[in-house]
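The values are calculated or read from the model by the stated rules, or taken from the named source; none is laboratory data. Being a predicted model, the structure only gives us computed values, none of them experimental. A quick note on method: Cβ atoms are made from the backbone with ideal geometry, for glycine too, and the neighbour counts reach across all protein chains shown. All accessible areas refer to the heavy atoms of the entire protein, side chains included, with ligands and DNA or RNA removed. Shrake-Rupley method; radii C 1.70, N 1.55, O 1.52, S 1.80 Å.
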Amino acid sequence: MENTHKNISLKRHDDGTPSVLRKPTVYKMLHFYRKSDVLVQLTKVFCERFLPHYGDRTVDQMVQAARSVKQNIAEGLTDGQTSFEVELKLLGIAKGSNQELLEDYQDYIKKHNIPEWAVMNTSRFDSMRQFCMEHSDEKDYHSYLYRWTDEEMANIAICLCHMVDKAMTSFIAKRDREFVEEGGIRERMTAARLDMRGTQKQIIAAQEQEISNLKAQIASLQREINALRAQLSKQ
């Protein structure tokens, strides 16, 4: 029977046994995860500095949206080792939360009559975009969080949201293609079983060949013994 799971690349344990688990994704190394961590810290400080501490649900909404992006990326890519479906679902939630956070920042600058640098396409926007492209870790932003104005912080956050969205869109599309080609955990389990059966058949075939060779050697030795007995009987 033709192996319909030949496109699935299986990991192997030390003894050669195939594994149904996918290769883990080191999500903390991904730029869009690291930028999402920046957004969590930046949003907390932004809300602390520029939004009312009481009576405004926007604070909780923005902080929770930022955390949802980061947490769902982490959980999705961790659970993705066993399930494409769960990974794609959680990445979709993260993408939606990122869009929610983006709109919250855009609503803030509209409400406060602050210019959106990306729309104006000024030299300030070019400098900001370059900075965000080159820096993906919270430590690179930390010293600025209590120095930037609300205009600067909001525009930085908007820029980061766009970058996270673009990177996640590409990543999800790649995962989608992998899912179509490889299927989910059931397909990997089937592929692993077929691989194991193939390995077992190879082992059995090798053992049968070894047995056949031993039988041939035994038959040859038996003939030699019979020839020697015949010579001895004539003496």
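Worth a mention:
- Residue within region 93-105 that is modelled with pLDDT under 95 and in a helix (DSSP H, G or I) present: no
- The number of residues in region 65-91 that are touching a residue at least 40 places away in the same chain (Cβ under 8 Å), within 13 Å of the chain's Cα centre (by Cα) and part of a helix (DSSP H, G or I) comes to 9.
- Residues in region 21-50 that are in a loop (DSSP other than H, G, I, E, B) and modelled with pLDDT of 95 or more: L30 alone.
- The condition (being closer than 16 Å to Q41 by Cβ and either buried (at least 20 other Cβ atoms within 10 Å of the Cβ) or of a type in the set (D, E, K, R) (or both)) is satisfied by just one residue among L77, L90, L101: L101.
- Residue count for region 108-157, restricted to those that are outside any loop (DSSP other than H, G, I, E, B), of a type outside the set (A, V, I, L, M, F, W, C), more than 19 Å from D37 (Cα to Cα) and open to solvent by 100 Å² or more (accessible area, probe 1.4 Å): 3
- All conditions in (1) open to solvent by 20 Å² or more (accessible area, probe 1.4 Å); (2) under 11 Å from the mean Cα position of the chain (by Cα) hold for G96, with the sole exception of (2).
- Residues being touching a residue at least 60 places away in the same chain (Cβ under 8 Å) and either open to solvent by 60 Å² or more (accessible area, probe 1.4 Å) or of a type in the set (V, I, T) (or both) - total across region 41-57: 3
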